[in-house]
Structures are given as structure tokens and as C-alpha cells.
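The structure appears right after this line, and notes come after that.
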Amino acid sequence: MHSGVHQAIATVWRLESARITASVARVVRDIGVAEELAQDALVAALEHWPRDGVPDNPAAWLMTTAKRRALDHLRHRQMAEEKHDGIAADMEALGATHVPDFVDALDEARQDDIGDDLLRLIFTACHPLLSTDARVALTLKLLGGLTTHEIARAFLVPEATIAQRIVRAKRTLSEAGVPFEVPRGAALGERLASVLEVVYLVFNEGYTATSGSDWMRPALCDEALRLGRMLAGIAPQQPEVHGLLALTEIQASRTAARTDAQGRPVLLADQDRGRWDHLLIRRGLAALDRADLLTTEPGPYHLQAAIAACHARAVRAADTDWARIAALYAELARVAPSPVVELNRAVAVSMHAGPAEALVLVDALLQDKALRQYHWLPSVRGDLLARLGRHGEARTEFVRAAELAGNEREKKFLMERADSLTQNGTDAAG
């Protein structure tokens, strides 16, 4: 009977929970308390809306109810601490000495301070004081609107583990007295890097799952895109924000073409580009243009977006500008040096200058400790050896890559590549 109302509540909550939590957190200065108060508003909706009907402005109803809870919380806290002078300051933080009506709350939701509150919430949830896993879980909970069950299912870990990470993260932030604010000066760059890293990690886990039986987890890609668009809207002058958004939009455009009818991975060169989402490509290229206008010194996400754009602009795989991609990877290696970047540069070099030249670059990475358990190293090396006709060596590399891979689809794909090569075939010279 009430299924339609419950669906409406779920939809509004998914869209508005971050704004409500952020607005309340500005008042109570504690994201753990803010989330509890926002959840109280959700419970109130579940109690009242099936009986009274869905209000005309459901988002405003939730915001107003949450602020009532915040006001009650402040009163009780100040009275318990017998700090009556603090009530006036708390009232000022609320922006008024009365609870706003539904229209007031809706108007406030349209004001710039809501964007500021969301920005504060993102920077707080992604504080470097927290572990990467904790930042990801807390961000998806507070800003993605996901339940602990959904987050646990996405990352294939027990729900209790995710719940503990979130609880500990909120406790850590509270005990450390982390201010609910956007950092200033030099600290902004460091903290922004942490925020972007979380969005990037969420997207990558959705784009190519590190474990489990599914090649992709599109729901995580969708959440990362939502976070990236939100961040671009509230931090429009940051080029790396637009760079990351461009990268994720363009990569997400390939989702439908990345697997076949059986769910098996399809390599970029073999994808049906007619199945790419051209709206996402246009959005990504527009974000890249904005990043280009904001800086002449592209950062890592900006450069990766430029690489993705080279693929997006190629009507056919054969049209890809591999020379430019190799040059962009060289610049990326200068800006953000890492063995993984060098490995990707080797792939671009192989497509531009041939597998023999690229194999020299890959072999130089064999002793790098950071890549010893990285399955893409033997996978790339196997591909280069196969193209050189050294099939026996290539097969060995693909088998090793399959052993290192954590994703079941990927393991199977790599073993199929190994099996396609003649184990005892005659290797070509060189």
C-alpha cells in the first residue's frame, strides 16, 4: 500500500542526504552527529509521509526536520554543559533564532552556502588523517548516499567491516577535533589531492573490479561520476577537478562496449565504438576544455583525461594518435612519476614505434618491487612477446598474469590468451 511513498522517500533521500547532512554538520560541527540527526529526519519521513502524504517540497521537509533536530541537540548540549552563553552563538550558526518553514528551507538549499557545506563535507570525509579505505567508505556513505550493505557488496567485504570503518572514521575525526571547513593556503592542495584520490579510487574499482566475478561494477562508476560532477559544481576554478571529471566521463562512455554478451572483457582495440556513449564523451571533452582554460600546467588527472580524449576522438582504433599518447605519458611520468605510468607509456610506445622498442622499456621494470604483484606487468610483456612471435615466452607471461589477477573474469581472460598461443610452438627470432 505504501510502497510508492517508500520509493519516493528512498529517491529523495538518495538525492538530498548529502546536502542535509552537510547543512546540519555546519551547525553541530561533528559529521557523526550530523549524520544521526539527518537519519532522524529520514525516520520521521518514514513515520509521517505514509500517513500524511508526500509533501509538496520533500527535500525542504527533510531539511527543516533535520534542522529542528539540530536545534534540539544544541539546546540539550548547551544546557547539559551549563554554557548558556553558547546558545546564542549556536543560534547564530543556525542563521536564525527560529526554525525555518518549508519555503525558507527550500530557498536556503538553493543558496551558495549549501554548496560550501557540501565542499566542507567532502574535505572532512576525505581527511588524510583517515586511512584510504576509511575515506572511501565514509565518502560513499555521506556523499554517495549508499548504505553500508551497498558499500560492502560493492567492495566484496563483510558489512560489519564497512560499518566498523565508518564508525571509527567518524570517531577519529571527532576525537581529533578536525574542523568542518575547507582548508586554506598550501593545505588546500594537499587536501584536494586526497578528495580527488577517493573519487578516482571509487571510479576505478567500478571500472575494473579488483576482485570478484564481475569485470565491472557500474554502480560505483555512477557514484564516482556523481561525486565528480558535484565537486566540479562547487569547486569550479580547480583544473584538476575538471581533469578528473573529464577522465571519468570519457572512460565511463565505454562501459557498454567493454564486455561481450557473456560478460567477458573486450580490449579497447576490439571494442565496438558505435556502442560508446557519445553524450558522456561530449561531457568529458567539455570538462577537459574547461581544465585547459584554467591552467597551462596540466596535473595528473588532466593529463590522463587528455590521453582518454585521444581514444575518444578516434573513430576507429587504427585512427588513434599513439604518438601524442606516448608524449602525454612521458609528461605524466614527469609530473607524477610511477612504474605504472612507465608501463602504460611502454604500451603507447609499442603501438607507435613497435613491440621491440617497448619490450626494452618493460624489461627495465621487471626488478621494480612495486610491480612484482602487479598482474598488468606480465600481461603487457606477454602481449609484446606474442606480437614478436615469441609465443612460448608469451604464454608463460599470460599464465603468471592470470595467477596474480584477483578478478575472476580477468583470470579467465588471461588464461584464454595463454591457451590461444601454441605452448610448444617455434618462437620467431628477436
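The values are calculated or read from the model by the stated rules, or taken from the named source; none is laboratory data. From a predicted model like this one, the values you see are computed outputs, not experimental measurements. Positions of Cβ are backbone-derived with ideal geometry, glycine not excepted, and every protein chain shown enters the neighbour counts.
When region 336-394 is filtered for residues that are in a loop (DSSP other than H, G, I, E, B) and aromatic (F, W, Y), only Y374 remains. For region 300-323, the criterion of being surrounded by fewer than 15 Cβ atoms within 10 Å (Cβ to Cβ) and under 26 Å from L201 (Cβ atoms) is met by none of the residues. Please go through region 145-182 and give me each residue that is closer than 30 Å to G212 by Cβ, surrounded by 14 or more Cβ atoms within 10 Å (Cβ to Cβ) and small (G, A, S), ordered by number. Of everything in region 145-182, those that are closer than 30 Å to G212 by Cβ, surrounded by 14 or more Cβ atoms within 10 Å (Cβ to Cβ) and small (G, A, S) turn out to be G145, A152, A154, A163, A169.
Within region 154-198, track down each residue that is among the basic types (K, R) and in contact with a helix residue (DSSP H, G or I) (Cβ under 8 Å, 6 or more places away or on another chain).
Result: R165, R168, K170, R171, R191.
None of G145, G185, G212 is of a type in the set (G, A, S), touching a Lys or Arg at 6+ places or on another chain (Cβ under 6 Å) and at positive phi except G145.
Only one of the numbered conditions (1) part of a helix (DSSP H, G or I); (2) closer than 23 Å to K411 by Cβ is not met by M216, and that is (1). Exactly one residue out of E331, E397 is in contact with a Lys or Arg (Cβ under 8 Å, 6 or more places away or on another chain) and of a type outside the set (A, V, I, L, M): that is E397.
Table: residues versus (1) in contact (Cβ under 8 Å) with a residue 12 or more places away in the chain; (2) in a helix (DSSP H, G or I); (3) under 24 Å from the mean Cα position of the chain (by Cα).
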site: A25; (1), (2), (3): yes, yes, yes
site: A34; (1), (2), (3): yes, yes, yes
site: A41; (1), (2), (3): yes, yes, no
site: A44; (1), (2), (3): yes, yes, no
site: E47; (1), (2), (3): no, yes, no
site: P55; (1), (2), (3): yes, no, no
site: A59; (1), (2), (3): yes, yes, no
site: T64; (1), (2), (3): yes, yes, no
site: K67; (1), (2), (3): yes, yes, no
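Counting only residues that are of a type in the set (S, T, N, Q) and part of a helix (DSSP H, G or I), which one in region 183-208 is surrounded by the most Cβ atoms within 10 Å (Cβ to Cβ)? Looking at the filtered set, the residue picked out is S194. Scanning region 393-406 turns up one or more residues that are under 26 Å from E205 (Cβ atoms), touching a Ser or Thr at 6+ places or on another chain (Cβ under 6 Å) and either in contact (Cβ under 8 Å) with a residue 40 or more places away in the chain or not hydroxyl-bearing (S, T, Y) (or both). Residues that are at pLDDT 90 or above, surrounded by fewer than 20 Cβ atoms within 10 Å (Cβ to Cβ), touching a Pro at 6+ places or on another chain (Cβ under 9 Å) and not in a helix (DSSP H, G or I) are absent from region 223-243 altogether.
If you check L371, L361 for being surrounded by 16 or more Cβ atoms within 10 Å (Cβ to Cβ), aliphatic (A, V, I, L, M) and modelled with pLDDT under 95, only one passes: L371.
Is at least one residue of region 399-420 crowded, with 17+ Cβ neighbours inside 10 Å, over 22 Å from D214 (Cα atoms) and touching a helix residue (DSSP H, G or I) at 6+ places or on another chain (Cβ under 6 Å)? Checked against the condition, which is being crowded, with 17+ Cβ neighbours inside 10 Å, over 22 Å from D214 (Cα atoms) and touching a helix residue (DSSP H, G or I) at 6+ places or on another chain (Cβ under 6 Å), region 399-420 yields no hits at all.
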